[in-house]
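Take a look at the structure set out below.
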Amino acid sequence: MEAPFTYNSLAQDNFFISRKRELNQLTNILKERKNALIYEPYKTGKRSLVNMSFKALTKEGLPYRLCHIDMLNINDSETLFAKLGEYPQDPEIFTIYWIEEFQNILRFDDWEKTILQLQKQWENDKNSYILSGSMVNAMKFIFDEKKYFYHFAEVVKFSPIEEKAATDLIIKVFLKVGRVVEHKHAERMYETVDGHPWYLWQIANTAFHLTKGYINDKIIDESIDSLLIVYDVKFRETINSLSNYQISLLKAIFDGETKLSSVECIEKYHLNSSANVKRLKEALTKKEVVSFDEYERPYIIDPLFKLWLKRFYFI
């Protein structure tokens, strides 16, 4: 049977859930010919959101031309400007420039010069720009820390996918073919990965194929174990890339410590000094392992990596 939970393509129609606020915000930004910043982790729905916003514009009868550039494999300014040059501006046509993985600009040898050049080109532009990126800390470095493109764009910040909407969808999809999942089991799937849509649909999809009737805890256990096996190599590579001190700081964050530079935390996790903690924080953020919220509270970016640490590493 075909996979009922799509996680390798854009979320559309009923599978595009709990992003109404973000969708309205982005659509209004584009309707007003303003600019948007989106920096959220990999596979959290950035492409789906942007795609749904374009659909909303089309539905409202607002004509536009889309210029889409993915910077995944763009490693120098010459290539970037050549790509931008493929979409000459036309004052008669409203154009939306969507540049994905914008943080890759930091790979350029002349990245600061390139950013300043783009700022100058875009400051009086009457078109709209969507700059999105999956490396949260790198995007924060450009826009929050270095404050390039200051006041240029509005941040579209994702809220967690609503638990009720996600669990209701899982139950509905199962029922459609005569299979039953109780609300508590759908809830468990959601909570296991903190509502991360990419991981959630994989768990639900595996559970779907493991039963012809009722979902139980054993099936959910198998589905979660299967997901952890898939990503085990990736997570091992992540942990092997860290120094012992970095792992110690990661353990502190894993344990819920928020005052990482306090004397108590430094002593408990053998972090040496507050100066060392600062260096370790910079290292872990640069590697996109942890990030900090608006209150400077640390958190592990990938919820499945956090679960892997709990199951196999910090035991």
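The values are calculated or read from the model by the stated rules, or taken from the named source; none is laboratory data. Just so we're clear, the structure is a prediction, and the values are computed from it rather than from any experiment. Reconstructed Cβ throughout: ideal geometry from the backbone, glycine too, with neighbour counts over all protein chains shown. The protein model used for the area step is the full one, side chains on, heavy atoms only, and it has no ligands, DNA or RNA in it. Shrake-Rupley method; radii C 1.70, N 1.55, O 1.52, S 1.80 Å.
Go through the stretch 103-126 residue by residue and tally those that are closer than 30 Å to LEU62 by Cα and buried (at least 20 other Cβ atoms within 10 Å of the Cβ). Within the stretch 103-126, residues that are closer than 30 Å to LEU62 by Cα and buried (at least 20 other Cβ atoms within 10 Å of the Cβ) number 2. For the stretch 43-59, the condition holds for at least one residue, the condition being that it is among the charged types (D, E, K, R), open to solvent by 20 Å² or more (accessible area, probe 1.4 Å) and at positive phi. The single residue among LEU200, LEU175 that is within 23 Å of GLY45 (Cβ to Cβ) and among the aliphatic types (A, V, I, L, M) turns out to be LEU200. Condition check for ILE161 on (1) part of a helix (DSSP H, G or I); (2) β-branched (Val, Ile, Thr); (3) at pLDDT below 95: one failure, at (1). Is it the case, given these coordinates, that LEU200 is open to solvent by less than 40 Å² (accessible area, probe 1.4 Å), among the aliphatic types (A, V, I, L, M), over 30 Å from LEU72 (Cα atoms) and in a helix (DSSP H, G or I)? In short, no.
Please state which of the following conditions VAL156 fails to meet, knowing it meets all the rest: (1) open to solvent by 10 Å² or more (accessible area, probe 1.4 Å); (2) at pLDDT 95 or above. Of (1) open to solvent by 10 Å² or more (accessible area, probe 1.4 Å); (2) at pLDDT 95 or above, only one is false for VAL156: (1). Scanning the stretch 232-247 for residues that are open to solvent by 30 Å² or more (accessible area, probe 1.4 Å) and either in contact (Cβ under 8 Å) with a residue 60 or more places away in the chain or of a type outside the set (Val, Ile, Thr) (or both) gives ASP232, LYS234, ARG236, GLU237, THR238, ASN240, SER241, SER243, ASN244, TYR245. With respect to the stated conditions, ILE29 is buried (at least 18 other Cβ atoms within 10 Å of the Cβ), more than 25 Å from ASP302 (Cα to Cα) and in contact (Cβ under 8 Å) with a residue 60 or more places away in the chain. Name the residues in the stretch 201-224 that are at pLDDT below 95 and closer than 18 Å to GLU162 by Cβ, would you? TRP201, ALA204 - these are the residues of the stretch 201-224 that are at pLDDT below 95 and closer than 18 Å to GLU162 by Cβ.
Please work out if LEU118 is free of Cβ contacts under 8 Å to residues at least 60 places away in the same chain, of a type in the set (A, V, I, L, M, F, W, C) and out of contact with any Pro (no Cβ under 9 Å at 6 or more places or on another chain). Yes.
Listed here are the residues, each with its yes/no results for (1) of a type outside the set (A, V, I, L, M); (2) out of contact with any Pro (no Cβ under 8 Å at 6 or more places or on another chain); (3) part of a helix (DSSP H, G or I).
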| position | (1), (2), (3) |
| --- | --- |
| LEU49 | no, yes, yes |
| LEU62 | no, yes, no |
| CYS67 | yes, yes, no |
| THR79 | yes, yes, yes |
| TYR97 | yes, yes, no |
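Scan the stretch 119-148 for residues that are modelled with pLDDT of 95 or more and of a type in the set (A, V, I, L, M, F, W, C) and jot them down. Scanning the stretch 119-148 gives ILE130, LEU131, MET135, VAL136, ALA138, MET139, PHE141, ILE142, PHE143. Scanning the stretch 61-95 for residues that are closer than 15 Å to ASP125 by Cβ, open to solvent by less than 50 Å² (accessible area, probe 1.4 Å) and of a type outside the set (A, V, I, L, M, F, W, C) yields a single hit, THR95.
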